[in-house]
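Data block below; observations after.
The values are calculated or read from the model by the stated rules, or taken from the named source; none is laboratory data. Keep in mind that this is a model prediction, so the values were computed, not measured. Reconstructed Cβ throughout: ideal geometry from the backbone, glycine too, with neighbour counts over all protein chains shown.
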Amino acid sequence: MKILLICFFQLILCYPIFAQNSIHGTLVDANENTTIEYGSVGLYSSSDSSLVSGAVSEPDGRFELSDIKPGRYYLVIQFMGYNSFTKEDLTFTRGQSLDLGMVELTPNEQLLEMVEVSGSRFTTMHQIDRQVFESGEFMSGQGGNAIDLIRNLPSVSINAEGELSVRGSTGFVIMINGKPLQSDPSVILGQLPANAIKNIEVVTAPSAKYDPEGKAGIINITTEKGATDGTFIQFNTRIGAPSIQDYDNKEKPQRYGADFTLNHRKGDWDLSIGASYLSNDINGRREGDVYTIRGDTTTRFPSDGERGFDEEAYSGRFTLAYTPDASNEFSVGFYGGIRSKDRTADIVYYDNHASIGGERLYTMQYYNENLRIRTSDFALGSFDYAHTFADKSRISSSFLYEYTMLGGPTTNRNLGFPNTDFVYQDEYNTNDNPLHGIRWQVDYLSKPTKWGILEAGYQFRNLDHQGDFVYERKNNETGVFELVPEFSSNVELTRIIHSGYGQLSGQKDNWDYSIGLRMEYMDRELLLQDEANTVDTTYRYDFFLPYPTASFQYSLDEETRVKGAYSRRVERTTTFKMNPFPEREHSETLEQGDPTLLPEFIDLVETGLVRDFGENSLYATAYYRHVKNLVNRVNTVYNDTILNRIYSNVGNGRSIGMELGLELNPSSKWKVFAGGNLYRYRIQGSFDNRPINNAAWVYSINANTSFDFSPTFSAQWSVNYLSRRITAQGEDSDFLSPNLVLKKTFMDDRLSASLQWLNMDMGLLDTNEQRISTWREDEFYTTTNYVLEVDMVLLNLSYTLNPTRNKSRFIKSEFGEQEF
């Protein structure tokens, strides 16, 4: 089928080309010499000013108008934030081709004035299907990673675990330079240096040409780009000061790192090399209280102790691109690395007791020594090819292969207290999870027509993920670790996906529009075996479903636009969430999945308004999102002192909300950027034969204000706040994180130094802490307050050689990072 599809594309592309009138060229930024994507090109009749033909510039800035009838015309090229370009008195007879070459657009006077005076741009740019945020405007993230930047966006929030969510959902897909990836966002973004990022694009209602993964949409990261030959080199270092607050952790946190990027372009060749190292430890504590009810007996076990993270990552990247002519482009890439994340949870259960009718049956205390290590060694490679035909239509193909070894043990020891020499229980569980992933796709982009641009493509994905889970418990009499069969298993997940799409995008008068359909067939097979050979079961699930999409934007005038969109998406389940064999997380918790877990299917409708007024900007987007087969982590009672966490489909989720963003420039040196999200969230369904019907208002605020003391010295204060949120069995408390950054540049901006004060607290605020509570009437109640490190001070240094010549392009993980 794949061969037939390729042949089909070749046949429809290789048609005779007759002499015809055409106009083509390339849009570039006159100041930065970089290409402009999504520029609007319109050809108008000189007699009545009616629109005759239109096009939108491609990512490399190219555009073409073809099939132009003989006559007299004028050409207008526009892009938001730039002065328009007009070419008058165009006369065509037959067989003429007009090459405009490089068409330079200059920033409009308003924007140019702001750049000259304050050295900054508008933070946000609004396009038909996305919001584009300038990363340089978020100083608290510089020197860190992509997470430190993204957490400032209006639709994004972050919790105490460092988990990002978009409009309240953690299910979103990451793209690097427009290349879609299936990966765990927090892991990927935590590995990407913030200094390498130019823009962050949030696509909440993606079109049919993108993978339908992710119930919250897509976040696309774009790196710095240039247009001239030369060499770009950037070095970054990060050094953390010792902790200010004391959390009684055994080890002091280590926070330091370095990364570099080298990009060399000469003639037909483009070479990118990068490497990074990061040690990012965070101290903290965990304060908890749990009770279970079984019959007439209530068992309670309050606790307090250390809960910190030690993170270390090495990575290296390599990409080589070759462009022998204007029609062909080849690219090969490699990405590999080693990373680990250790979570220490050494907890004292200081008043463990059981009672009947208020009368205690026993009282004891013990010490739980717990260390969970997650590791990932990975290597992946990709090969890409693109061909542009004479009529400017384009076909491209991409192949990626990944091997990842996931794993990591968890040690769990229940000891006496204060005499920790006495061992109640000593357990050890580990796993090895080799993963093989393949993705191949081919995409076709037509020449512009009077209806717009047609895009079509096919994608094949294959995932083979095996897991060998071993759970052992020490025999206190013999001193030998013995296998626990009911907690040990072999798991293998295979998933094959075929998908194809078609999409039409165009422009007419003041309208921009896009409509598309993606069809997808998925075949999933999960094989489960236990170590005792009593379980040998295969679970199969497949579907063939459509994913329609549509979006539009209408310009009321030069400063006001309205837009709307609809998108259908899917959130697939990972191997971990489908493994039904329990894993011991710590003393009071087992965690397991559901082999029959269904994917979440999402329908999203949104409509919005964008309004620019002078040097200021405002936007508002109303949205409705419905999630079918909603997945939540829910609890049941395993025994008197252990809860069992289970991933389960609990019903449907519904969000109705409004997203707001405001950018103000009170003076040439002072800027304010604020965004917020308010929505009503409801969960309706059931779990374990009990109904679920929870609803609450949720809101988040991300805001920053910056002030330039001089052209080379500035300060920025930012705040991230997330309100209380409901879950299927409880609620998560609010979360607060204020930050202050001072930045100084030297040597004509080639050297920069920034001093960051992150999670400001000073003993006055409940910063960087969050309480998570769950309950079930007459069965259990649990509440845990996670208190993580505050008042962290970091120094970042960055040196850049030839800063305008970076066009580095790197591949990222497709499969393994989702399971990490």
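Computed quantities for the displayed model
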read-out	value
In the range 295-321, the residues that are more than 29 Å from the chain's Cα centre (by Cα) and of a type in the set (Ser, Thr, Tyr)	297, 298, 299, 303
Boolean, residue 75 is within 38 Å of the chain's Cα centre (by Cα), in the same structural domain as residue 50 (by TED's automatic domain parsing) and either surrounded by 15 or more Cβ atoms within 10 Å (Cβ to Cβ) or in a strand (DSSP E or B) (or both)	no
Scan of the range 760-775 for residues that are part of a loop (DSSP other than H, G, I, E, B) and under 25 Å from residue 645 (Cα atoms), ordered by number	768
Near pairs, Cβ below 8 angstrom, 6+ apart or cross-chain, from the range 77-97 (under 17 Å from residue 42 (Cβ atoms)) to any residue that is among the hydrophobic types (A, V, I, L, M, F, W, C) and part of a loop (DSSP other than H, G, I, E, B)	79/36; 82/36
Only one of 697, 717 that is part of a strand (DSSP E or B), in contact with a helix residue (DSSP H, G or I) (Cβ under 9 Å, 6 or more places away or on another chain) and at pLDDT 90 or above	717
Test set (1) surrounded by 20 or more Cβ atoms within 10 Å (Cβ to Cβ); (2) within 19 Å of residue 572 (Cα to Cα); (3) over 23 Å from the mean Cα position of the chain (by Cα) - residue 586 fails condition number	(2)
Selection status of residue 479, modelled with pLDDT under 95 and crowded, with 16+ Cβ neighbours inside 10 Å	no
Qualifying residue in the range 239-246 (condition: at pLDDT 75 or above, over 14 Å from the mean Cα position of the chain (by Cα) and more than 27 Å from residue 345 (Cβ to Cβ))	yes
Elements of type strands (runs of 3 or more DSSP E) in the range 517-597, at least 2 residues being closer than 22 Å to residue 212 by Cβ	536-557, 560-571
Selection within the range 549-563 - surrounded by fewer than 15 Cβ atoms within 10 Å (Cβ to Cβ) and β-branched (Val, Ile, Thr)	560, 562
The range 589-605: number of residues that are of a type in the set (D, E, K, R), farther than 30 Å from residue 466 by Cβ and crowded, with 21+ Cβ neighbours inside 10 Å	0
Candidates 530, 536, 557 - the one that is touching a residue at least 12 places away in the same chain (Cβ under 8 Å), more than 25 Å from the chain's Cα centre (by Cα) and in the same structural domain as residue 443 (by TED's automatic domain parsing)	530
Residue that is farthest from the chain's Cα centre (by Cα) [pool: residues in the range 390-423 that are surrounded by 15 or more Cβ atoms within 10 Å (Cβ to Cβ) and among the aromatic types (Phe, Trp, Tyr)]	417
The range 742-759, residues that are within 24 Å of the chain's Cα centre (by Cα) and in a strand (DSSP E or B)	756, 758
Unique residue being on the phi > 0 side of the Ramachandran plot and surrounded by fewer than 18 Cβ atoms within 10 Å (Cβ to Cβ) when the list is 67, 48	67
Whichever residue in the range 85-109 is out of contact with any Leu (no Cβ under 8 Å at 6 or more places or on another chain) and among the hydroxyl-bearing types (Ser, Thr, Tyr) and, among such residues, is nearest to residue 447 (Cα to Cα)	97
The listed residue being surrounded by 15 or more Cβ atoms within 10 Å (Cβ to Cβ), of a type in the set (S, T, N, Q) and either closer than 22 Å to residue 768 by Cα or out of contact with any Cys (no Cβ under 7 Å at 6 or more places or on another chain) (or both), out of 733, 710, 686	733
Complete set of residues in the range 274-329 that are at pLDDT 90 or above, surrounded by 17 or more Cβ atoms within 10 Å (Cβ to Cβ) and under 29 Å from residue 385 (Cα atoms)	321, 329
Subset of the range 461-476 [surrounded by fewer than 18 Cβ atoms within 10 Å (Cβ to Cβ), under 26 Å from the mean Cα position of the chain (by Cα) and over 19 Å from residue 580 (Cβ atoms)]	462, 464
First in the range 347-367 and within 11 Å of residue 300 (Cα to Cα), second anywhere and of a type in the set (Phe, Trp, Tyr) and exposed (fewer than 13 other Cβ atoms within 10 Å of the Cβ), Cβ under 8 Å, 6 or more apart	353/362; 354/362
Residue satisfying all of: in the range 349-374; among the β-branched types (Val, Ile, Thr) and surrounded by fewer than 16 Cβ atoms within 10 Å (Cβ to Cβ); nearest to the chain's Cα centre (by Cα) among these	363
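Table: residues versus (1) β-branched (Val, Ile, Thr); (2) within 30 Å of residue 349 (Cβ to Cβ); (3) in contact (Cβ under 8 Å) with a residue 40 or more places away in the chain.
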residue: 395; (1), (2), (3): yes, no, yes
residue: 440; (1), (2), (3): no, no, yes
residue: 464; (1), (2), (3): no, no, no
residue: 470; (1), (2), (3): yes, yes, yes
